[in-house]
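K.L.:
Before anything else, here's the structure in question.
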Amino acid sequence: MTGLAEAVLAVVRADRSGTVLVSREPITGLQIADGHPIGKWHGAPRNKELWQRLLLMQSKWPYRTVFPDGESYFDVEYRHRGETVDGLGAAHLMDGLGVSLLVDACWNEHQLTLEREQLVQGDDGESGESETSEVSVRHMAGRDHFETHRGWIKERAEAVRRGGLDAVRRGEELWKGRAAFFPHLQFLPRVEEDLRQLPEVWVRPVRERLAELEAAVSEWDPAARPIGPRWRSDVRTEFRTRRRLCWFSDGGKNELFDWHCEFLPTPGRMHFRLLHEERTVRIAYVGRKLGV
């Protein structure tokens, strides 16, 4: 426990302000091992200062408190060696750093491979079969693991201080900086509210999808590729039965915005339409899957 506490506090010192320790339950109720509550550790005089510093840092529990409003991720499960690992799964969903007590040698790794099982939609737009894949999550169980991640932590903190797209942490910043960040994209006025209300966990994936659209559209020649740009991620048109949900007012007319891309955590969607004459795409919606 001492090594993990030292590593967590090292992250707090190296990272930008606002770093949060997210756990299944309050850290005061953690069990270091069966029959060994954390009180036995912090009750030792040599651990008193570390414990007091841990209590001073920001913490939240349970994991769902940092998920988008109304989202429980019932459709996705993460496992490590066959055991469900909700905390490490949350760290992967949030592009964060998972932490574990070093109670087994398997946790003595700076990066872990997890098995992710997620329900996927069938052709009718409803949930169908489950899909299993392997993903990697940054991990820390001691001070040596922190040293491995120190560069990544400092790079992210420095990006915030420098500014720019990589530093964006709020949807409002995406809207205000859209002309500089995405000069080849257009946005309906209604998207401002979508971005301002964007949960923090969706800001990074939305930022990445917009950057991919910007890169694709900047190279698009509609005469050579009338069907659309060379997309950088999975972009497709909506199922016919769901297109009734994809109409938005654009310049006083209702237009169909059935092109869309997804972003994690599910069910994030971004809807837009192609404007061949203007060599751009116009974005109409960013948020939860329409109709869900």
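K.L.:
Find the accessible area per residue for segment 139-292; the probe is 1.4 Å, ligands and nucleic acids are left out, and the unit is Å². Walk me through the numbers before you get to the answer.
P.N.:
On the way: 7720 Å² over 154 residues.
Accessible area per residue, segment 139-292: 50 Å².
K.L.:
Using a probe of 1.4 angstrom, how much of the accessible area of the chain is carbon and sulfur, in percent?
P.N.:
46
K.L.:
Just in segment 21-75: which chymotrypsin sites (Phe, Trp or Tyr not before Pro) are loop by DSSP and have at most 15 other Cβ atoms within 10 Å?
P.N.:
Sites meeting the loop and neighbour criteria: 74.
K.L.:
While we're looking at this one, here's another question. Explain nothing, just the number: dipole magnitude of segment 1-148 about its Cα centre with +1 on each Lys and Arg Cβ and -1 on each Asp and Glu Cβ, in debye rounded to the nearest 20.
P.N.:
Here the size comes out at about 1340 debye.
K.L.:
Over the residues of the chain, compute the C-alpha Rg and express it relative to 2.2 N^0.38 Å.
P.N.:
1.15
K.L.:
Considering only Cα-Cα distances, which of the following residue pairs are longer than 26 Å: 40/154; 48/154; 253/289; 60/154?
P.N.:
Distance filter (> 26 Å) returns 40/154; 48/154.
K.L.:
A follow-up question, please. Is there a quick way to get the dipole size of the chain? I mean about its Cα centre, with the Cβ of Lys and Arg at +1 and of Asp and Glu at -1; what is the value in debye to the nearest 20? Please list the in-between numbers first.
P.N.:
Values: 43 positive and 46 negative charges, 205 e Å.
So the magnitude is around 980 debye.
K.L.:
Write down the radius of gyration of segment 139-286 and its Dmax, each obtained from C-alpha positions, in Å.
P.N.:
When restricted to Cα atoms, segment 139-286 yields Rg and Dmax of 17.5, 60 Å.
K.L.:
Further, regarding this structure: Give the residue from 63, 27, 110 lying farthest towards the positive end of the charge dipole for segment 1-124; charges sit on Cβ (+1 for Lys and Arg, -1 for Asp and Glu) and the dipole is referred to the Cα centre.
P.N.:
Going by the charge dipole, the pick is 27.
K.L.:
For the pair residue 33 and residue 243, what calculated FRET efficiency results from E = 1/(1 + (r/R0)^6), where r is the Cβ-Cβ distance and R0 = 45 Å, to the nearest 0.05?
P.N.:
Details: r = 55 Å, r/R0 = 1.22.
Here the calculated transfer efficiency is 0.25.
K.L.:
Same structure again: Along its three principal axes, how long is segment 181-237 when you only count alpha carbons? Whole Å, largest extent first please.
P.N.:
Principal axes ranked by extent give 38, 23, 22 Å for the Cα atoms.
K.L.:
May I pose another question? When the convex hull of the C-alpha atoms of segment 125-210 is computed, what volume per residue in Å³ does it have? If you can, show how the numbers build up before the last one.
P.N.:
Numbers: hull volume 14.6 nm³, N = 86.
Enclosed volume per residue, from the Cα hull, is 170 Å³.
K.L.:
How much length is gained if the chain between residue 167 and residue 233 is pulled fully straight, taking 0.36 nm per residue apart and subtracting their Cα-Cα distance, in nm to one decimal?
P.N.:
Residue separation times 0.36 nm, minus the Cα-Cα distance, leaves 21.6 nm.
K.L.:
For segment 176-250, build the charge dipole from Cβ charges (+1 Lys, Arg; -1 Asp, Glu) around the Cα centre, then report which of 187, 226, 203 sits farthest towards its positive end.
P.N.:
Going by the Cα projections, it comes out as 226.
K.L.:
Next question. Taking 0.36 nm per intervening residue step and subtracting the Cα-Cα distance, what contour gain separates residue 57 from residue 196 on full extension?
P.N.:
Additional length available on full extension: 47.3 nm.
K.L.:
Would you please classify the overall shape of segment 35-153 from the alpha carbon gyration tensor, given that a ≥ b ≥ c denote the square roots of the eigenvalues, rounded means a/c under 1.5, and beyond that prolate means a/b larger than b/c while oblate covers the rest? Kindly include the intermediate steps, with their values, before the conclusion.
P.N.:
Details: a/c = 2.29, a/b = 1.90, b/c = 1.20.
Note, shape of segment 35-153 comes out prolate.
K.L.:
How high is the relative contact order of segment 196-292, in percent, with contacts defined as C-alpha pairs under 8 Å that are six or more residues apart?
P.N.:
Relative contact order comes out at 23 percent.
The values are calculated or read from the model by the stated rules, or taken from the named source; none is laboratory data. What you are looking at is a predicted structure, and each value in this text was computed from that prediction instead of being measured. With ideal geometry, Cβ positions are generated from the backbone for all residues, glycine too; neighbour counts draw on all protein chains shown. Only protein heavy atoms, including side chains, enter the accessible area calculation; ligands, DNA and RNA are left aside. Shrake-Rupley method; radii C 1.70, N 1.55, O 1.52, S 1.80 Å.
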